[in-house]
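Working notes, structure below.
The values are calculated or read from the model by the stated rules, or taken from the named source; none is laboratory data. Please read all numbers here as calculations on a predicted model, not as lab measurements. Neighbour counts are summed over all protein chains in view; Cβ atoms, including those assigned to glycine, are modelled from backbone coordinates with ideal geometry. These area figures cover heavy atoms from the full protein model, side chains too; ligands, DNA and RNA do not enter into them. Shrake-Rupley method; radii C 1.70, N 1.55, O 1.52, S 1.80 Å.
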Amino acid sequence: MEILGDLWLGVQTAFSFWNLTYCLLGVFLGTAIGVLPGLGPTATVAMLLPVTFGLSPETAIIMLAGIFYGAQYGGSTTAILVNLPGESSSVVTAIDGYQMARQGQAGKALATAAIGSFIAGSIATVLIAFFAPLLSSVALAFGPHEYFALMVLGLAASVVLASGSLLHAVGMILFGLILGLIGTDVQTGAMRFTFGSFELADGISFVVVAMGVFGLGEILSNLENEADRTTVLTKVTGLMPTRADLRAMLAPVGRGTALGSVLGILPGGGAMLSSFASYALEKKVSKTPQQFGKGALAGVAGPEAANNAGAQTSFIPMLTLGIPSNPVMALMIGALIMQGIQPGPSVIQDQPVLFWGLIVSMWVGNLMLLVLNLPLIGIWVKMISIPYGYLFPCIVAFCLIGVFSLANSTFDIWLMGLFGVAGYILRKLDCEPAPLLLGFVLGPMLEEHLRRAMLVSRGDVTSFFTSPISAVLLLVAALLIASVLAPAIRAKREEAFQDED
Amino acid sequence: MFMRFVAAASCAAVLGSAALAQDYPSDNVTVIVPFAPGGASDTTARTVTQAMQADFGQPLVVENKPGANGAVGAAELARAKPDGYTIMVASIGTYGINPALRADLPYDPREDMEMLTVAVRTPNVLVTRPTLEVKSAEELIAMLKEQPDTMLFASSGVGSSDHLTAELFWQQTGTSGIHVPYSGGGPAQTDIIGGHADVSFQNLGAVAGFVREGQMKMLAIAAAERSPDFPDVPTFKELGIEGMEVYSWQAFGAPKGLDPAVKETLVGAIHGALEKPEVQETFKNLGFEVLANTPAEADAFVADEIARWSEVVKAGNITPEE
Amino acid sequence: MQGHRTKDFWAGAIYLALGLATVILARDLTLGSAARMGPGYFPTVLGGLLAVIGAVSLLRGLLRPGELVGRIHLKPMILVIGATLFFALALDALGLAVALPAAMFIAATASKRFRLAPVPLLGLVGFTIFCVLVFVRGLDVPLPMFGTLFGG
């Protein structure tokens, strides 16, 4: 078996003293910086990129990968503890994770995230090791039509995600979609809603919207009743999941891993969808869907597993094709280029030490993450019992620095302030911020792929149904929407009958 | 009154910097990269500044200021004091194409900047999806003439160098196709490999691996000479198509009004770094050719590029719709 | 009638206003057709849909009894948002080492429990030093440490 020889080469590389050291350092630094509010994985990797320039290629990429999953896990920690998602995938973790934290179960939520991530990461690593070249052909099967259908499915999933009024969920998704349109139109180069400002030409950064609407909005609504918040958070119970919890999270973690592994391969925004596809799935199969949005364990376990599996498999298009599926992978490619390696299909043959070393180190890194983070949970939980009057100015400070570092300009800070006001007012009106953010992420991709698909098929709508992948995805989306609407319509009808009585 | 004040102030600034020219450099030099970390401009800036560091005497600090195809960072360079402590590394898009494309640009490389050197370049090459049934550029052109406005030309975006190369190609060969813009080179290349688009002009360095693996077909190279890595691929000139020499390039620029002594120090240091064997090696692996021309050559080159692309933009009527 | 004070009413009004604004701003953009959409197509459709959702929510708020909008607390909003805007404005002139603690101080006064005391002030100084060391020294984020006002 050739693969065993390759894996052995990977083991030798990953377990060399320096690679282990830099992997640990990467995981540690990634977690330490990623946990700061306002600094998501992209910002963390970008900031630490220069640190790796002096290293050998495989050590550099192993360290960067460590930074990436460290930052991702750190980001989930912030999402759970202070309701501040630093990237699109942790928006979903924040929904139920933060509710668990408010009920004094922050420790359990964090441990669930850590264990779920580890299981998912381990399985996804095995997938990459055995099937990477094969899986990259899946990525190539997706053209504009298939991606559009996938985005429609994502949109349907974000409707399922909302826990309150359906009308407001749709309203917030539309609002998010519109916000996502700001910037240069990909198809024509026209500047839309930029009001002549070149700073807006590339659109608004996700982090700016998230820090404003989630971060500042949450702070403002917490300041209304500080007393309640402190007493709630000091009642910490159950630091670790019980045996029953562990059993309950197995199925969601398994489903999340499967979803995340498949979606992560798709470079056109698939990995982004994995966590909310998993959330929608868990809510649909759950016996107690009313628990979702109020602190459901499966609502943390599934999406976190999906997120981490997707993060691992998003390396596949990067390594086998040299194509970035997200901004972090674009940075990884930049790092390889700095080392004089042009990523592409020949990397597996030309750089076996790098390729197999990275794969083995992925599993090692995930293990380090788990070992590093389980003992830290106690400390994190203590952290949020700091009086809120001291805690929130620090959160504001990190948001300021994090948002500044996006483009090294103060323009984004002004925008964040604006979104803070919007977030507070929307909260007052019971409009949930999560669907807004999902619409914001999906909007540009939805439009881009739809218009490209129409261009490529010369305006022929039937082409969406003649491609089998796109037809199936659209069907699933339709079923999902129908399953959301059906209970609502039924409820309306019952209401109508009652009025007649 | 206000204008006179500004004039006086800028005079003072120029005099001030001239007085200090012999001490240059005495402080950190900021190198603006108007793109996100990881791209070609960023790589060029970091590779060169790292090699400059040892002899330069002062730290060179790369600052990424992304936005609007480099316009945000370039506008900042245009506003900076011409004291040699703020320079920029940017691409053909920022220096050569933006001014041809947008009337409302907040900077003009010819008016507000002076070039230090064009550091590196890589030719654009004509690639097709692997399943397209053509064996040569001649066959492709014949096919395009047979079925006008049907083949899908993928590009990295509206107004990108590969979009304008396709436009130039249509103009020079009397053919046409459907322009399909993507957000960046990566997605465009993926759809060529996957067979969702037909033809594209991409940087040689970026697609060399795909061509070697048979995932794309390379039919012609938009360079003066054939590439030593692909000796079988003809240049457009050999095919009888004139004016199709298109390189993607990266250049160092500074705000206009630099003191000659400061400029000499900077250009000397940049050229010194570009001559180092390890720097040459890095760029060679990426498919880049080190050019390192003089400031006067670079200024003329940038002006030529702007003029050339302005014509292509006008002939192809590709000003962004509003 | 409580209609005009319910959450549904005001959320609807905001959606309606945003939707209409989007449609109006998109009028300058080429609309195109469904087969070949221009840059104005998506904004017009989405803005229109949002306006419709807004109108429905607004009517629902007027016609059906619903939850009333809670009081908007202006003081924390002005202080916290003001702190972020202050930081954006003052960063170049004051630098991180001064603008950051000042912004944090402004934000902190939004808390009902805000008291001037030596221990939190010391904490503020320590936190600022931490941020300067980590971000400016350690991670090379191009934040000015001391601004132009202090000759930095």
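Failed condition for A:G104, given (1) on the phi < 0 side of the Ramachandran plot; (2) surrounded by fewer than 24 Cβ atoms within 10 Å (Cβ to Cβ), with all others met? Result: A:G104 passes all but (1).
Consider A:G171 carefully, then state whether it is more than 18 Å from A:E282 (Cβ to Cβ), within 14 Å of chain B (Cβ to nearest Cβ) and either modelled with pLDDT of 90 or more or buried (at least 23 other Cβ atoms within 10 Å of the Cβ) (or both).
On the way: more than 18 Å from A:E282 (Cβ to Cβ): yes; within 14 Å of chain B (Cβ to nearest Cβ): no; either modelled with pLDDT of 90 or more or buried (at least 23 other Cβ atoms within 10 Å of the Cβ) (or both): yes.
Judged against the criteria, A:G171 is not a match.
Looking only at segment C:88-117, count how many residues are part of a loop (DSSP other than H, G, I, E, B), open to solvent by less than 10 Å² (accessible area, probe 1.4 Å) and facing chain A (nearest Cβ under 7 Å). Residues meeting the conditions: 2.
Only one of the numbered conditions (1) open to solvent by 30 Å² or more (accessible area, probe 1.4 Å); (2) part of a helix (DSSP H, G or I); (3) modelled with pLDDT under 90; (4) within 14 Å of chain C (Cβ to nearest Cβ) is not met by A:V461, and that is (2).
Report the residue count in segment A:344-357 for those that are of a type outside the set (F, W, Y) and buried (at least 24 other Cβ atoms within 10 Å of the Cβ). Before you say what the answer is, go through the steps one by one.
In the first step, residues of segment A:344-357 are kept if they are of a type outside the set (F, W, Y); the result is A:344-354, A:357.
Still in the list and also buried (at least 24 other Cβ atoms within 10 Å of the Cβ): A:344, A:354, A:357.
Number of matching residues: 3.
Checking each residue in segment B:70-94 for being surrounded by fewer than 22 Cβ atoms within 10 Å (Cβ to Cβ) and among the polar types (S, T, N, Q) picks out only B:T86. Scanning segment A:194-203 for residues that are more than 7 Å from chain B (Cβ to nearest Cβ), without any contact (Cβ under 8 Å) to a residue 60 or more places away in the chain and in contact with a strand residue (DSSP E or B) (Cβ under 8 Å, 6 or more places away or on another chain) gives A:T194, A:L200. Every condition in (1) crowded, with 19+ Cβ neighbours inside 10 Å; (2) assigned by TED's automatic domain parsing to the domain that holds B:K256 is met by B:G57 except one, and the failing one is (1).
C:L143 meets each of the listed conditions (1) open to solvent by 30 Å² or more (accessible area, probe 1.4 Å); (2) at the interface with chain A (Cβ under 9 Å from one of its Cβ atoms); (3) in a loop (DSSP other than H, G, I, E, B) apart from (1). Residue by residue through segment B:47-78, note down the ones that are away from chain A (no Cβ under 13 Å) and in a helix (DSSP H, G or I). Listed by number, the residues that qualify are B:M52, B:A54, B:D55, B:F56, B:L77.
Against the criterion of being outside any strand (DSSP E or B), of a type in the set (V, I, T) and under 25 Å from the mean Cα position of the chain (by Cα), B:V120 does not qualify. Scanning segment A:377-419 for residues that are open to solvent by 20 Å² or more (accessible area, probe 1.4 Å), outside any helix (DSSP H, G or I) and either more than 9 Å from chain C (Cβ to nearest Cβ) or touching a residue at least 12 places away in the same chain (Cβ under 8 Å) (or both) yields A:S385, A:I386, A:P387, A:S409. Is it true that some residue in segment C:61-72 is in contact (Cβ under 8 Å) with a residue 40 or more places away in the chain, among the basic types (K, R), within 9 Å of chain A (Cβ to nearest Cβ) and open to solvent by 40 Å² or more (accessible area, probe 1.4 Å)? No, that holds for no residue. Look at segment A:305-327: where a residue is more than 13 Å from chain B (Cβ to nearest Cβ) and a partner is of a type in the set (F, W, Y), sitting 6+ places away or on another chain with Cβ atoms under 9 Å, you get A:A306/A:F276; A:A306/A:Y279; A:N308/A:Y69; A:N308/A:Y73; A:N308/A:F118; A:A311/A:F68; A:A311/A:Y69; A:Q312/A:Y69.
Every condition in (1) touching a residue at least 24 places away in the same chain (Cβ under 8 Å); (2) in contact with a helix residue (DSSP H, G or I) (Cβ under 9 Å, 6 or more places away or on another chain); (3) open to solvent by less than 30 Å² (accessible area, probe 1.4 Å) is met by B:G243 except one, and the failing one is (3).
Residues of segment C:14-36 that are of a type in the set (A, V, I, L, M, F, W, C) and open to solvent by 30 Å² or more (accessible area, probe 1.4 Å): C:I14, C:L16, C:A17, C:L18, C:L20, C:A21, C:V23, C:I24, C:L25, C:L31, C:A34, C:A35. Hey, could you check segment C:73-87 for residues that are hydrophobic (A, V, I, L, M, F, W, C) and more than 7 Å from chain A (Cβ to nearest Cβ) and say which is nearest to A:N225 (Cα to Cα)? This residue is C:L74. With respect to being in contact (Cβ under 8 Å) with a residue 24 or more places away in the chain, within 24 Å of the chain's Cα centre (by Cα) and farther than 30 Å from B:N285 by Cβ, A:I359 falls outside the description.
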